[in-house]
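Heads up: the structure comes next, in structure tokens.
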Amino acid sequence: MSLITKTAEGTLARIPVGDSAVIAALDTTPTVARRLQELGLRPGQRVSIMQSTAGGGRVIKVATSRYALSADALRGIKVSVA
């Protein structure tokens, strides 16, 4: 069972593999936030969780690109599931 319901908010770290969410905010350092935005991770963007990685990270899909993010980076990405 998902830890986030279909109307809940949380962080990208809590979204299970196979689900998707919409980025609500980036709650991290300015340097990390800038890098995430360069990758297309901006508020309003839908992302999908493709697979888990070692150490709690995830491979995510943004538009047509895939990126591996650390667990720390995922915890700084606030999302809503609609």
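Entry remark, the stretch 19-38: residues being under 13 Å from LEU74 (Cβ atoms) and of a type in the set (A, V, I, L, M) number 5 in total. Taken over the stretch 66-82, the criterion of being in a strand (DSSP E or B), hydrophobic (A, V, I, L, M, F, W, C) and either more than 8 Å from the chain's Cα centre (by Cα) or under 18 Å from GLY55 (Cβ atoms) (or both) is satisfied by ALA68, LEU69, ILE77. For the stretch 49-63, a tally of residues being hydroxyl-bearing (Ser, Thr, Tyr) and in contact (Cβ under 8 Å) with a residue 24 or more places away in the chain returns 1. Exactly one residue out of ARG46, ARG66, ARG34 is touching a residue at least 12 places away in the same chain (Cβ under 8 Å), more than 12 Å from LEU12 (Cβ to Cβ) and of a type outside the set (A, V, I, L, M), and it is ARG66.
Against the criterion of being at pLDDT 95 or above and assigned to a loop (DSSP other than H, G, I, E, B), VAL22 does not qualify.
The values are calculated or read from the model by the stated rules, or taken from the named source; none is laboratory data. Predicted, not measured: the structure shown is a model, and the values here were computed from it. Cβ atoms come from the backbone with ideal geometry, glycine included; neighbour counts cover every protein chain shown.
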